[in-house]
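Please read the structure below before turning to the comments.
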Amino acid sequence: FLAEVWWRTYWKGWLELRPGIWTAYRQGLQAALNRLAVEPGLAARAEAAMLGDTGIDGFDHWARELVATGYLHNHARMWFASIWIFTLRLPWELGADFFLRTLIDGDPASNTLSWRWVAGLHTPGKTYLATAENIALNTGGRFCPDGLAPEAPALPSPPLPVPRPAPLGDRFDPSAPGLLLVTEEDLSPEILLDQGLRPRAVAVLTDVAGRSPLGVAD
């Protein structure tokens with residue numbers, strides 16, 4: 001659990017310093033959605049993948065489990081993303097969007113950058129290849145899919161942007177009246193209480209619907 005929290009924090013900080021990566025993802029997603037509107041074959045393959053109707057052992061189960069529960073084990077997320085990209089050859093942005101609008105713990109930084117890592121876009125040239133042997137081993141033989149891609153060539157990508165300077169952090173006068181505004185991006189707002197903040201009121205701002213141009217799961 002702690003490792004997952006640290007990874008989540010790392011991804012948030014990495015993306016905060018390179019916000020153009022998020023902008024590029026949103027642009028790539030819109031381009032992929034535009035392709036679905038004019039390429040019926042691609043649209044059918046993407047729909048089958050999200051419905052769990054590809055015939056790939058394990059993958060179909062994970063697609064249905066994700067929709068039903070809003071959650072997948074981290075190994076399953078990696079296998080799913082790898083099969084989506086390298087076996088089904090679907091745009092990675094569509095898969096990332098499927099996760100982001102379905103996962104209970106969907107997070108723009110963790111989700112986007114993890115999909116980019118599988119595709120070889122985060123660490124240039126390093127990809128993640130799902131294999132039947134690894135899946136069978138880690139699922140106790142429950143799944144052993146046939147026909148997976150034998151290799152995972154990195155997707156073409158421009159060089160990573162130079163990180164911008166890190167923000168200095170919040171400063172406040174603990175003696176002044178204040179309002180604490182909490183968003184879904186705040187990992188531990190109680191740190192401010194330890195620093196002396198005594199808010200007159202607390203408000204929570206959510207924008208789950210803003211995760212995707214498509215409908216977000218309940």
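The values are calculated or read from the model by the stated rules, or taken from the named source; none is laboratory data. Source: prediction; values computed, not measured. Neighbour counts are summed over all protein chains in view; Cβ atoms, including those assigned to glycine, are modelled from backbone coordinates with ideal geometry. Remember, those area values only see protein heavy atoms, side chains included, never the ligands or the DNA or RNA. Shrake-Rupley method; radii C 1.70, N 1.55, O 1.52, S 1.80 Å.
Could you tell me which residue of the stretch 65-78 is most open to solvent (accessible area, probe 1.4 Å), considering only residues that are in contact with a Leu (Cβ under 8 Å, 6 or more places away or on another chain) and in a helix (DSSP H, G or I)? Spell out how you get there, then give the answer.
Of the residues in the stretch 65-78, the ones in contact with a Leu (Cβ under 8 Å, 6 or more places away or on another chain) are 65-66, 70-72.
Next, only the ones that are in a helix (DSSP H, G or I) stay: 65-66.
Working: E65: 64, L66: 0 Å².
Across the stretch 65-78, the extreme among qualifying residues is E65.
What are the residue pairs meeting all of these: first residue in the stretch 27-53, first residue among the charged types (D, E, K, R), second residue open to solvent by 90 Å² or more (accessible area, probe 1.4 Å) and assigned to a helix (DSSP H, G or I), Cβ atoms under 9 Å, and 6 or more apart or on different chains?
Taking only residues 6 or more apart or on different chains, the pairs are D53/E47.
Having 1 or more residues that are of a type in the set (G, A, S) and closer than 17 Å to H122 by Cβ is the bar; report the helices (runs of 4 or more DSSP H) wholly within the stretch 1-52 that clear it. I'd like the intermediate steps shown before the answer.
On the way: elements: 2-16, 20-38, 40-51.
Fully inside the stretch 1-52 and qualifying: 2-16, 20-38.
Can you spot a residue in the stretch 129-147 that is under 17 Å from R26 (Cβ atoms), assigned to a loop (DSSP other than H, G, I, E, B) and at pLDDT 95 or above?
First pass over the stretch 129-147, keeping only residues under 17 Å from R26 (Cβ atoms): none.
No; the residues of the stretch 129-147 include none that is under 17 Å from R26 (Cβ atoms), assigned to a loop (DSSP other than H, G, I, E, B) and at pLDDT 95 or above.
Table: residues versus (1) surrounded by 12 or more Cβ atoms within 10 Å (Cβ to Cβ); (2) over 30 Å from G70 (Cβ atoms); (3) modelled with pLDDT of 90 or more; (4) in contact with a His (Cβ under 7 Å, 6 or more places away or on another chain).
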{"site": "L168", "(1), (2), (3), (4)": "no, yes, no, no"}
{"site": "L181", "(1), (2), (3), (4)": "yes, no, yes, no"}
{"site": "E185", "(1), (2), (3), (4)": "yes, no, no, no"}
{"site": "P189", "(1), (2), (3), (4)": "yes, no, no, no"}
{"site": "L192", "(1), (2), (3), (4)": "yes, no, no, no"}
{"site": "P199", "(1), (2), (3), (4)": "yes, yes, yes, no"}
{"site": "L205", "(1), (2), (3), (4)": "no, no, yes, no"}
{"site": "V208", "(1), (2), (3), (4)": "yes, no, no, no"}
{"site": "V216", "(1), (2), (3), (4)": "yes, no, yes, no"}
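Of everything in the stretch 109-145 that's of a type in the set (G, A, S) and closer than 18 Å to F59 by Cβ, which residue is most open to solvent (accessible area, probe 1.4 Å)?
Going through the stretch 109-145, the residues of a type in the set (G, A, S) turn out to be 109-110, 114, 119-120, 125, 130, 132, 136, 140-141.
Going one step further and asking which of them are closer than 18 Å to F59 by Cβ, we end up with 114, 119, 130, 132, 136, 140-141.
On the way: S114: 44, A119: 0, A130: 4, A132: 20, A136: 24, G140: 74, G141: 54 Å².
So the residue we want is G140.
Only one of A109, A152, A81, A166 is in contact (Cβ under 8 Å) with a residue 12 or more places away in the chain, hydrophobic (A, V, I, L, M, F, W, C), in contact with a helix residue (DSSP H, G or I) (Cβ under 7 Å, 6 or more places away or on another chain) and not in a helix (DSSP H, G or I); which?
Numbers: A109 fails: not in a helix (DSSP H, G or I); A81 fails: not in a helix (DSSP H, G or I); A166 fails: in contact with a helix residue (DSSP H, G or I) (Cβ under 7 Å, 6 or more places away or on another chain).
Every option except A152 fails the conditions.
Considering only residues that are open to solvent by 90 Å² or more (accessible area, probe 1.4 Å) and under 30 Å from I56 (Cα atoms), look in the stretch 148-166 and name the one that is nearest to the chain's Cα centre (by Cα).
Residues of the stretch 148-166 open to solvent by 90 Å² or more (accessible area, probe 1.4 Å): 150-151, 156, 158-159, 162, 164-165.
From what's left, under 30 Å from I56 (Cα atoms): 150-151, 156.
Numbers: P150: 24, E151: 22, P156: 19 Å.
Applying the filter and picking the extreme gives P156.
Restricting attention to the stretch 84-102, which residues are without any contact (Cβ under 8 Å) to a residue 40 or more places away in the chain and open to solvent by 10 Å² or more (accessible area, probe 1.4 Å)?
R89
If I ask for residues that are under 19 Å from S110 (Cα atoms) and of a type in the set (S, T, Y), which ones from the stretch 158-206 would you list?
Residues satisfying the conditions are T183, S188, T206.
Restricting attention to the stretch 75-87, which residues are among the aliphatic types (A, V, I, L, M) and under 21 Å from R142 (Cβ atoms)?
Kept after step one, since they are among the aliphatic types (A, V, I, L, M), are these residues of the stretch 75-87: 76, 78, 81, 83, 85.
Correct list: A76, M78, A81, I83.
Mind listing just one residue for me: the one in the stretch 37-59 that is open to solvent by 10 Å² or more (accessible area, probe 1.4 Å) and within 19 Å of the chain's Cα centre (by Cα) and, of those, farthest from P145 (Cα to Cα)?
Looking at the filtered set, the residue picked out is E47.
Looking only at the stretch 169-210, which residues are hydrophobic (A, V, I, L, M, F, W, C) and without any contact (Cβ under 8 Å) to a residue 24 or more places away in the chain? Full working, then the answer.
Going residue by residue through the stretch 169-210, those that are hydrophobic (A, V, I, L, M, F, W, C) are 172, 176, 179-182, 187, 191-193, 197, 201-205, 208-209.
Scanning the stretch 169-210 gives A176, L180, V182, I191, L192, L193, A201, V202, V204, A209.
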